[in-house]
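Encoded as structure tokens, the structure appears first; notes follow it.
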Amino acid sequence: MKENVREEEILKTIKEYGKISRLELSEIFNLTSARISKVVKNLLDKKMVVEKAVGESTGGRPPVYLSINNENFKNILGINFTSNGAIYITHGKINCEIIRKRKIILDDEDKEKALEIIDDIISKELEQDKDVGALSIVMAGVIDEEKGLSVMSPHYKLKTPKIVEYFERKYNLPVLLENDVRAMALVEKQIGSCRNTENFVIFNVSQGIGSASCIAKKVYKGYNSMAGEAGHIVINTNSIRKCSCGKRGCLEAESSEIAVIKKITSEIKIGKYSILKEILKERELNIKDILFGIRKKDFLVIQVMTEAMEYIARGLNILISILDPEKIVLVGEIFNSKFLMDTLRFELNKISLDIQKCGIEPTKLGEELYFYCSIAVVVENIFENKFFTEKFINN
Ligand SMILES: [Zn+2]
């Protein structure tokens, strides 16, 4: 039997199980019950955990379970700065409960001032909520979460990539930074459809395309923190379409929202018939117009979107072959279309093996997913580090 265990390890396990007995803990950690009781007493004294008698006893005392004392942890202020200019601001607790939330939509010019905008939001929100104990920022692009850097951010112009350092100094609070699709994977794992799934993939199609994979319950980051850049798999080697990364024929350049809108717009401009032509006389097309075109069975829209689904199916097939996940959760407005989901399943069936049993389904969380992203990052990391944990407790 082991001699000792770190308090954080015990806390992490209690959080993961929701409620757990001392006996179960001693079995998991292979420690004597006296040893576990000592650590638990410490945690009870610090008010980090609470105990409750639950359920029927089979004679004798009812079993006592331990759970995290949510009341004793400060609030999380989370900001999810999406690549399409919507910002989701959430105040939440470490049990994933949302206290308050709001959404802002930015003008295109404002996206250039990401850091100033986040700064402005944080200072206003902190004035209203004096109980914030941690900040969480979620953004698209390559995020080195350990160093707190935004390594590549094609969607925003950032003066300093050292986001964590900048905000930690300014607000004297622990700050976490994470990539948007990896944060989505954490949400699906904590409160979504992947709570009981060890291996799954999140595949996100918005202005760009990205993925995140959860392997044995851990979201995989990779050596350069770039795991999941599925949008930059070259899927069409004959393509002349240039991607935001500089390469040609990337999945993102063929099937992202921006890519399909561009394709349909240029086809209409060279004279192809589409019911979207009238809209294009007034303004630029958006993804809702494309979905409208699908519903109206517009030939051009269906043709372009079927091709886009064919490319996405090739991308998913690569992920399935490498990772063999139990399921792939799809995020993005295009997956709300039954026609597009059916097309995608049809295209994927054509190129996968029958024995590769991997379900694909759109997220069930809808827009709530975006509000939860920043909270999920803190919930995942809360007991990783002593400094972080201690700063986050009400005392
Ligand atoms: Zn690319």
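Values quoted throughout were computed directly from the atomic coordinates according to the rules given, and no laboratory measurement underlies them. Every value quoted in this text rests on a predicted model; they were computed, and no experiment measured them. Using ideal geometry, Cβ is built from the backbone for each residue, glycine included, and neighbour counts are taken over all protein chains shown.
Can you tell me the convex hull volume per residue for the chain, based on C-alpha atoms, in Å³ to the nearest whole number? Walk me through the numbers on the way to the answer.
Values: hull volume 68.5 nm³, N = 395.
Normalising the Cα hull of the chain by residue number yields 173 Å³.
Out of all DSSP beta bridges in the chain, what portion is antiparallel? Express it as a percent rounded to 5.
60
ILE209: net charge of surrounding residues, Cβ under 10 Å, Lys/Arg +1, Asp/Glu -1, itself excluded? Mind showing how you got there, number by number?
Values: positive: none; negative: GLU229, GLU252, GLU254, GLU257.
Charge balance near ILE209 sits at -4.
Rounded if a/c is under 1.5, else prolate if a/b beats b/c, else oblate: with a ≥ b ≥ c from the C-alpha gyration tensor eigenvalues square-rooted, which is segment 7-72? Don't skip to the end; give the middle numbers.
Values: a/c = 1.66, a/b = 1.21, b/c = 1.37.
Since a/c reaches 1.5 but b/c is at least a/b, the shape of segment 7-72 is classed as oblate.
Counting only DSSP beta bridges with both residues in segment 196-364, what percent are antiparallel, rounded to the nearest 5? Write out the running numbers ahead of the final one.
On the way: 10 of 19 bridges.
For segment 196-364, the DSSP antiparallel bridge percentage is about 55.
List the equivalent ellipsoid semi-axes of segment 196-364 in whole Å, largest first, each obtained as the square root of 5λ for an eigenvalue λ of the Cα gyration tensor. Can you show the working numbers first?
Working: eigenvalues 168, 60, 39 Å².
Working through the eigenvalues yields semi-axes of 29, 17, 14 Å.
Of the options ALA34, LEU11, TYR65, report the single residue whose Cα projects farthest towards the positive end of the charge dipole of segment 7-72 (beta-carbon charges: Lys, Arg +1; Asp, Glu -1).
With unit charges placed on the Cβ atoms, the residue in question is ALA34.
Taking DSSP loops as anything outside H, G, I, E and B, show the longest stretch in the chain free of GluC sites (Glu not before Pro) there with at most 13 other beta carbons within 10 Å. Walk me through the intermediate numbers first.
Values: sites that count: GLU3, GLU56, GLU97, GLU146, GLU198, GLU284, GLU367, GLU384.
In short, 199-283.
Counting other Cβ atoms within 10 Å of each Cβ, which trypsin sites (Lys or Arg not before Pro) in segment 348-379 have at most 15 and sit in a DSSP loop?
Values: sites: LYS350, LYS357, LYS364; in loops: LYS357, LYS364.
For trypsin sites (Lys or Arg not before Pro) across segment 348-379 that sit outside H, G, I, E and B with at most 15 neighbouring Cβ atoms in 10 Å, the list reads LYS357, LYS364.
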